[in-house]
Every structure is written in structure tokens, then in C-alpha cells.
Amino acid sequence: MGTIRKDRTDRGYAVGVQMFDRIREQGSVYVDKTTYIYKMVTTDAVNFFLSRPRRFGKSLLVDTLRCYFEGRKELFEGLAIYNLEKEWKKYPVIRLDLSNGKYYDEKLVHSTIDFILEQQERKFGITEPKAPENYENRLSRLIQAAHEQTGEKVVVLIDEYDAPMLDSITNPTLQDAIRNKIRNLFSPLKAQSQYLRFVFLTGISKFSQLSVFSELNNLQQLTFNPAYEAICGITQEELLTQMKPDIELLTENMNRLYRRWNIHYTYDDIVAKLKHWYDGYHFSKEMTDVYCPWSLVNAFALGDIMNFWFSTGTPTMLVDVMRQHRIMMPQLEGFRTSIDRMDAPTERITDPIPVLFQSGYLTLKDYDPFDGEWTLGFPNEEVYRGFARSFYNYYMEQYVGSQDTVGNAFNRLRRGAISFEEFIQVIRKWYAGIPYSITDRNQNEQLYQVLLYAVLVACNADVHAEEQTSDGRMDIVLKMQDAIYILELKYDKTAAVGAGPVPARKATQQILAKDYAVKFASDERPIWAVGLNVSADRRTIESYEMVKVKS
């Protein structure tokens with residue numbers, strides 16, 4: 001693995017540290033990605049672009065490139081590139097890190113870029129007066145000065161190039177102004193090409209109107225390149241080999257944490273849980289499973305498996321765009337689209353799908369070579385549950401405590417303290433309490449379906465929505481320890497007259513007629529068809545019917 005620490009009990013995790021030299025010097029755990037770096041730097045190409053979601057190790061990759069091009073061979077001892085590279089030639093490196101700035105107004109944009117350039121100017125001894133906002137001339141002068149001082153071609157590394165545009169994406173006027181500044185900053189990357197040895201840009205999104213993409217016509221895009229699919233993130237093979245000691249320590253820690261509940265995990269149990277929670281990203285037709293490195297390292301450092309990735313941000317803006325386009329969360333699983341749509345520019349969020357993919361909320365799940373279409377879905381449990389909570393909170397922020405009401409009832413259902421019919425009564429009251437401000441603007445069958453689905457996800461239920469069968473899609477499938485419930489919702493604008501299941505019968509008849517239960521024929525648990533009729537007048541479940549499909 002190439003770390004200084006060799007003892008399994010002496011593992012160090014540099015959570016949040018993105019400096020390769022610091023990680024190596026203090027002996028923290030590092031998964032060796034240097035074969036990808038060697039492959040990249042020894043090709044004939046000069047200009048590279050890589051898009052990956054946040055928290056995927058892009059900044060660490062950039063810093064590893066910095067140390068490599070600075071010729072710091074001692075840092076790479078024990079890693080693959082140590083023996084692959086024979087020359088270890090030192091190049092001047094200009095690194096522009098746009099990830100730490102704030103770009104909420106033009107003044108902040110200028111002060112941030114000015115500070116970044118000033119740091120590099122001091123590094124190469126440029127002290128003469130400058131025009132502060134003439135970024136093009138300043139970067140050109142930097143490149144030329146670095147070349148003249150060393151006699152070598154220059155390496156330019158740009159981390160999170162799109163951070164200024166992403167910060168301003170809800171303000172078109174500000175974003176136009178920022179785009180012009182960033183275009184001005186990057187324009188020397190083509191004009192000074194005779195001085196450049198290597199140029200590498202990272203980001204989350206692709207902004208087509210920036211000249212960096214139109215002028216650097218030989219820019220090699222690595223985003224969907226199978227040869228570089230695992231250049232960021234951690235593969236299953238890397239996890240089971242380079243991080244095997246970490247899995248062993250995590251197993252011991254979790255057994256210690258959960259022993260009071262008489263829960264015991266084996267090594268294989270922990271491997272399966274890590275895969276379920278943090279694996280599942282794919283970036284090419286090779287479909288190599290890639291884990292989110294941020295979540296893995298946090299789990300190993302804390303000694304427990306929980307949601308880490310989603311705590312770094314929530315997709316409120318994206319959920320708002322989904323609402324505008326009438327896209328609900330259950331539709332995202334199994335969504336089919338072309339690769340062109342997912343690689344689409346994001347100057348304006350008019351289509352949430354590419355942004356959800358580029359941000360890491362969705363990933364590639366399958367490819368149809370005949371139709372040329374990809375199937376998208378949530379990568380893992382961590383993102384799936386985190387997104388459901390955000391989706392629920394977006395719609396239900398005015399319904400404080402409602403999740404606790406359903407959650408408490410669901411826990412009682414799980415323990416067998418209440419029946420499923422009693423649980424439906426809780427859902428009925430919960431629906432009835434939803435404020436008009438929520439239902440008035442979204443009143444339809446799909447809203448009630450997705451809110452029930454999202455709150456069950458938030459309760460850690462084993463629940464799935466829009467699950468496909470040979471003859472349709474099931475609204476909601478809830479799997480309990482002792483039964484499987486197939487729920488079908490119908491939305492009736494006329495309130496039912498009197499008690500009884502009749503208005504809901506249309507829903508149960510659909511479940512039976514389309515034989516949804518056959519999908520679970522091999523499961524030993526009983527299967528129930530549950531029809532729910534939601535009345536638009538009363539804004540809640542007007543009637544329901546339960547039919548046992550299989551004993």
C-alpha cells in the first residue's frame with residue numbers, strides 16, 4: 001500500500017486532508033492511485049479534464065500530481081510509480097485552487113482570484129506592478145516567468161475550476177459576469193501552449209460557454225474513459241487488499257460498539273455493509289464499482305458505518321427544479337437517458353438529471369448498446385436515504401415533527417406492537433395534518449405516493465417505489481421481517497360515501513390483476529396487497545383495503 005505505518009493497530013486517517021505530502025509524511029492511510037498518474041503523464045496528450053462528484057478525492061489527485069511534477073521522489077517510495085518513473089524530472093508547477101473561495105458577488109470573485117494569483121506570483125518572484133483584474137495577462141506572465149526561471153515547460157493544475165459558476169448558478173446575471181472573468185483567467189492555457197508540459201483541470205460540471213472547452217480543442221476528457229474510471233474513489237479490489245487492515249479494525253470497533261445489543265459482526269458482514277452503504281458509483285461502460293472515498297475514510301476513522309457524504313450538503317435547489325419539472329424521487333431509480341444528456345453543460349439548471357448525475361446523487365447503473373441509452377439510479381444506501389430525507393424535508397418543512405410521528409408508529413409496527421391496519425390509521429392522520437400550503441400547489445396522486453415513500457425511507461424501512469414488473473410498476477413495496485406489503489395509491493376527487501373498502505378496491509384489483517406479487521414468489525414471507533384511496537376533498541386516506549395474496 002505504500003504507507004509508512006505498517007502495524008495494523010497503528011492506522012492513521014487523514015480525514016479532510018487533501019495534501020499528498022502531508023498524508024505521506026505523517027504515514028496516513030493512502031490508496032495507491034499512481035499507476036493512473038503514470039499512465040496519464042506518459043501519454044502524448046497535454047491537456048486533461050476530469051469531472052467527478054464532490055468528496056471524491058479530486059483535490060488529493062491534483063496535489064499528488066503537484067508532488068510528482070515537483071520531482072519529490074521520496075514521497076512515492078512504496079507506491080507503484082516509484083519504480084515506473086526513471087527520470088523524476090522537476091518541473092515548475094502553477095496550482096490554482098478555486099475550491100476554497102466564496103463567489104456570491106463580483107467583489108468576492110475578484111478578491112479570491114486575485115489572492116490565488118498573488119500566491120503563485122510570489123512563488124515565482126513576480127513583484128512588478130500589475131493590473132489586478134487582468135487575469136489573462138497575469139497568468140500569461142506567470143507561465144512565462146516559470147519557464148524562464150527553470151528552463152523547463154510548465155505544469156498548470158486547476159482544482160474545482162467550476163466552483164465560481166456553481167456558487168452563482170441561481171443568479172444568471174452574476175453568473176454571466178463570473179463566466180467572463182473565468183474565461184479571461186483560463187484563456188492563456190491555449191495562447192501559451194508552447195510553454196506547457198501538462199495541464200489538468202478538475203470540476204463537477206461542464207460549462208460549455210467557457211473558452212477552456214472551446215479553445216482547448218485537444219482537451220482529453222477522462223470523465224467517461226474506462227481506463228481512468230477508478231482514478232478517484234476506491235475499488236472493491238483496493239478495499240479488500242490495500243484496506244484489509246482497516247476493515248479488520250472496523251469489525252472490531254463495531255463489535256465493541258454494538259455488544260450491549262448482542263450484535264456481532266464478522267469480517268464478511270462488514271464488507272457487505274460497506275458495499276451496501278458506500279459502493280455503487282460507475283463512470284464508464286466497464287461498470288467498475290467505485291466507493292465514495294470520503295465515506296469510507298470517515299467510517300474507518302470513526303469506527304462505525306453511517307451517513308457521512310450527505311452531511312456535507314443537501315440538494316434543496318435540485319429538488320426545487322425537480323418539482324418544477326414534475327419529477328419525483330421514485331422516478332430517478334431506473335431513469336433512462338443518453339450520455340450526451342448527462343454530460344450536458346450546466347450554465348442554467350433547466351434539467352435536473354445531468355446535475356444530479358454530475359453531483360453524485362445519481363450514477364450509471366446499466367447500458368443498452370442497442371438503444372445507446374444509460375440507466376441511472378442512486379449509487380448506494382447512503383445517498384438514497386440522504387436524498388429521501390432531503391426530499392421529504394423540502395416538502396414538509398412546515399410539518400414539524402411529522403417524521404417522528406410516523407417513525408414511532410413504524411417502530412411499533414416493526415416490533416409487532418401494532419397491526420398494519422393500525423399503522424394505516426397513523427398514516428391517515430399524518431396525511432390529514434399536511435398543511436394546505438404543501439398540498440395546494442402539488443395536489444395529485446404522485447405527491448401522496450412520494451411523501452409516504454420518503455418518510456418510510458427516513459424511518460430506515462426496507463421500502464422501494466416504482467419497482468418494475470413484467471406488467472407495470474408497483475407504487476410502493478414495503479418489506480417487513482414477517483410480511484411484504486404491496487401498496488397501490490389511487491387519487492379520487494370525490495370523497496367516499498360511508499365506511500368500507502369499496503373506493504380502494506380499484507387499487508387492490510390492479511395489484512391482483514397485474515400479478516405484482518409474482519415478483520416475490522420465492523420469498524417465504526406472506527404477501528399483502530394494500531389499496532389506498534386518497535380523497536382530494538379530505539386530503540387523506542378515505543378508504544383502504546387489504547387482501548392477502550400469499551400465506
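Within segment 455-465, does at least one residue satisfy the condition of being touching an Asp or Glu at 6+ places or on another chain (Cβ under 6 Å), at pLDDT 80 or above and either in a strand (DSSP E or B) or open to solvent by 10 Å² or more (accessible area, probe 1.4 Å) (or both)?
Start the filter on segment 455-465 by keeping residues that are touching an Asp or Glu at 6+ places or on another chain (Cβ under 6 Å), which leaves none.
Looking through segment 455-465, none of the residues is touching an Asp or Glu at 6+ places or on another chain (Cβ under 6 Å), at pLDDT 80 or above and either in a strand (DSSP E or B) or open to solvent by 10 Å² or more (accessible area, probe 1.4 Å) (or both).
Taking Asp366, is it modelled with pLDDT of 85 or more, out of contact with any helix residue (DSSP H, G or I) (no Cβ under 9 Å at 6 or more places or on another chain) and outside any loop (DSSP other than H, G, I, E, B)? Taking the combined requirement at face value, the residue satisfies it. Step by step: first the residues of segment 90-126, then only those that are within 32 Å of the chain's Cα centre (by Cα) and small (Gly, Ala, Ser), then the one that is modelled with the lowest pLDDT. Which residue is that? My answer is Gly101. Per this entry, Ala131 is not counted among residues that are modelled with pLDDT of 95 or more, more than 30 Å from Gln358 (Cα to Cα) and among the hydrophobic types (A, V, I, L, M, F, W, C). Among the residues making up segment 193-243, a single one is aromatic (Phe, Trp, Tyr), open to solvent by 50 Å² or more (accessible area, probe 1.4 Å) and modelled with pLDDT under 95: Phe224. If you go through segment 4-23 and keep only what is at negative phi, modelled with pLDDT under 95 and either small (Gly, Ala, Ser) or crowded, with 21+ Cβ neighbours inside 10 Å (or both), you end up with Gly12, Ala14. Here Leu376 does not qualify as at pLDDT 85 or above, under 10 Å from the mean Cα position of the chain (by Cα) and among the hydrophobic types (A, V, I, L, M, F, W, C).
Each row is one residue, and each column tells you yes or no for (1) open to solvent by less than 20 Å² (accessible area, probe 1.4 Å); (2) in a strand (DSSP E or B); (3) touching a Gly at 6+ places or on another chain (Cβ under 9 Å).
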position	(1), (2), (3)
Lys273	no, no, no
Trp294	no, no, yes
Phe300	yes, no, no
Arg323	no, no, no
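In segment 110-133, the residues that are more than 15 Å from Ile178 (Cα to Cα) form Cβ pairs under 7 Å with partners that are surrounded by 12 or more Cβ atoms within 10 Å (Cβ to Cβ) and among the charged types (D, E, K, R), at six or more places apart or across chains, as follows: Ile116/Asp97; Leu117/Arg138; Ile126/Arg141; Lys130/Arg138; Pro132/Asp114.
Of the candidates Tyr278, Tyr267, Tyr291, the single residue that is at pLDDT 95 or above and under 16 Å from Phe387 (Cβ atoms) is Tyr278.
The values are calculated or read from the model by the stated rules, or taken from the named source; none is laboratory data. Owing to the predicted nature of the structure, the values given are computational and were not obtained by experimental measurement. Positions of Cβ are backbone-derived with ideal geometry, glycine not excepted, and every protein chain shown enters the neighbour counts. These area figures cover heavy atoms from the full protein model, side chains too; ligands, DNA and RNA do not enter into them. Shrake-Rupley method; radii C 1.70, N 1.55, O 1.52, S 1.80 Å.
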